[in-house]
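These notes are about the structure you will find just below.
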Amino acid sequence: MPPSPRLVVGNWKMHGLREQSGRLARAVAEGAQSLPDDVRLVLCPPFTQLASVHGIINAEGPATPLHLGAQDCHTTSSGPHTGNISAEMLADLGVRYVILGHSERRQAHGETDFLIRQKVEAAEAAGLIPIVCIGETMQERLEGRTTTVLATQVEGSLTDGFTGILAYEPVWAIGSGTIPPIDELERTLSLLHGLLQSRLKTDDIRVPILYGGSVTPAQAPTIFSIGSLGGVLVGSASLEAESFLRIAEAASFRLTSQSLSGPYRS
Ligand SMILES: O=C(CO)COP(=O)(O)O
């Protein structure tokens, strides 16, 4: 059976005014048409650009490998929550994916695993695919607590029948220009697969695991040499069409077919 397409997700964070966002989305949409068919792209612009980016993606027609994602949602579908956006509102706009529990939200907005799980429930109820971020800080890593931290986050942030996407983003790697040593990353992915098995009480894990943190065109071939990797979550390098598309090209299994026998690919 051919492997599932890899996902290359661009998290634009709080970047992008109308003109620049439009230019970036159009360039990505155009480049996406010539990508290998085992790669899918997701653009996650700020809320203010979702509608216009949706228009640009839609203009490419239903067969486009490019989809729309948001960067957060509220736990409920509507109500007196000034300044918040619900999963239902996102779905209504044509959004398909939503990033939840990003470390920048965990740290700057005090988001807990429990809150994130409630958001995951809301996203699932609205028909969105949640991309749940987890990852250890440098201090936790130095204290040898990575496994415990990841186990707690997987246990607390995911719903019982979770069918979304898990993104492993070591906090210390984000924006640092550094990625974990590749053998360590491979071991962590294997660990996460085991944690998913016990959290979801099944050996048949279909949850793709993405890596995020300083993914660049230069690092991408090394990262994608891990056959079991479901894709990547890209920050800064997604703000330029050329670098984002180069990462997407490197995601194709055609380049990495020799390493497809990863430790837990089913
Ligand atoms: O936080 C990230 C994606 O969600 C990663 O950001 P960078 O790719 O800029 O390190």
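Each value in this text was obtained by applying a stated rule to the coordinates, not by laboratory testing. As the structure is a computational prediction, the values presented were derived from the model and not from experiment. Neighbour counts run over all protein chains shown; Cβ positions are idealised from the backbone, glycine included.
Amide hydrogen proximity for V232: with H placed 1.01 Å from N in the peptide plane, the residues at 5 or more positions away or on another chain lying under 5 Å are L7, V8, V9, Y211. This ranking places M14, M138 by how few other beta-carbon atoms lie within 10 Å of each, fewest first, which gives M14, M138. Each of G161, N11, A59 was placed along the dipole of the chain (beta-carbon charges, centred on the mean Cα), and the one lying farthest toward the positive end is A59. All other residues whose Cβ lies under 12 angstrom from that of G69 are scored, Lys and Arg at +1 and Asp and Glu at -1, for a net of +1.
Close amide H partners of H102, meaning residues 5 or more places away or on another chain with modelled amide H under 5 Å apart, are C133.
Using only helices, what value at 222 nm comes out for the chain when you add -39,500 (n - 2.57) per DSSP H run of length 4 or more and divide by the total residues, to the nearest 500 deg cm²/dmol?
Working: 11 runs with 104 residues, N = 266.
Here the helix-only value at 222 nm equals -11000 deg cm²/dmol.
Ordered by the number of other Cβ atoms lying within 10 Å of each residue's own Cβ, fewest first, T152, T82, T202 fall into the sequence T82, T202, T152. With the simple spin-label model, which puts each label point 7 Å out from Cα in the Cβ direction, the Q139 to R206 separation comes to 4.0 nm. Across the range 66-171, C-alpha contacts under 8 Å between residues 6 or more apart give a mean separation that, scaled by the residue count, equals a relative contact order of 27 percent.
By count of other Cβ within 10 Å, fewest leading, how are F162, F244, F114 ordered? All intermediate terms of the calculation are to be shown ahead of the outcome.
Details: F162 22, F244 25, F114 9.
Ranked by crowding around the Cβ, least crowded first: F114, F162, F244.
Take every Cα pair under 8 Å whose residues are at least 6 apart in sequence, average their separation, divide by the length of the range 6-259, and the relative contact order is 21 percent. Provide the FRET efficiency to the nearest 0.05 for the R187-T216 pair, computing r from the beta carbons and using R0 = 35 Å. Working from the Cβ atoms, E equals 0.95. The simple spin-label model puts a point 7 Å past each Cα toward its Cβ; for S34 and A59 those points are separated by 1.9 nm.
Let's see if you can work this out: charge +1 on each Lys and Arg Cβ, -1 on each Asp and Glu Cβ, no other charges. What is the dipole magnitude of the chain about its Cα centre, in debye to the nearest 20?
Values: 20 positive and 27 negative charges, 33 e Å.
Rounded to the nearest 20 debye, it is 160 debye.
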